[in-house]
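Chemist: This structure is in structure tokens; I'll ask about it shortly.
Nothing in this text is a laboratory measurement; each read-out follows from the coordinates by a stated rule. Worth saying up front: this structure is predicted, and the values here are computed from it rather than measured. Note that each Cβ is placed from the backbone with ideal geometry, even for glycine, and that neighbours are counted across all protein chains shown.
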Amino acid sequence: HGIWTHGSKEYSDELIRLIDIETTSETEKFFKELKERLKIRFQQIEIWITAHPIG
């Protein structure tokens, strides 16, 4: 869970891990487009999507 503030309002979020895939230009494009769709669908100001190497 995460807590953050925007203006004077406090928000609480549930942080979710989605998938483990190889980073390619196609997957980067997919996630950039997905992020914008999710922001609209869930009426979010921002959605945080990160990528981390697995080794």
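Chemist: If each residue of separation counts as 0.36 nm, what is the full-extension length gain between Thr23 and Lys9 once their alpha-carbon separation is subtracted?
Modeler: 1.5 nm
Chemist: Run through region 1-35 and list the GluC sites (Glu not before Pro) located in a DSSP loop whose Cβ has at most 13 other Cβ atoms within 10 Å.
Modeler: Glu14, Glu22
Chemist: Hey, what number do you get for the chain at 222 nm if only DSSP H runs of n ≥ 4 count, each worth -39500 (n - 2.57), divided across all residues, to the nearest 500?
Modeler: Roughly -10500 deg cm²/dmol at 222 nm, from the helical runs in the chain.
Chemist: A follow-up question, please. Rounded to the nearest whole Å³, what is the per residue volume of the convex hull around the Cα atoms of region 14-55?
Modeler: It is 77 Å³ per residue.
Chemist: Which parts of region 38-55 would a label at Ile16 reach, counting a residue when its backbone N lies under 19 Å from a point 7 Å out along Cα-to-Cβ?
Modeler: Residues 38-52 qualify, since their backbone N sits under 19 Å from the label point.
Chemist: Specify the angular offset, from 0 to 90 degrees and rounded to the nearest 10, of the alpha carbon long axis of helix 25-41 from the longest principal axis of the alpha carbons in the chain.
Modeler: Relative to the chain, helix 25-41 is tipped by roughly 20 degrees.
Chemist: Also, quick follow-up: Enumerate by residue number the trypsin sites (Lys or Arg not before Pro) in the chain meeting two conditions: DSSP loop (anything except H, G, I, E, B), and at most 13 other Cβ atoms within 10 Å of the site's Cβ.
Modeler: Answer in residue order: Arg17.
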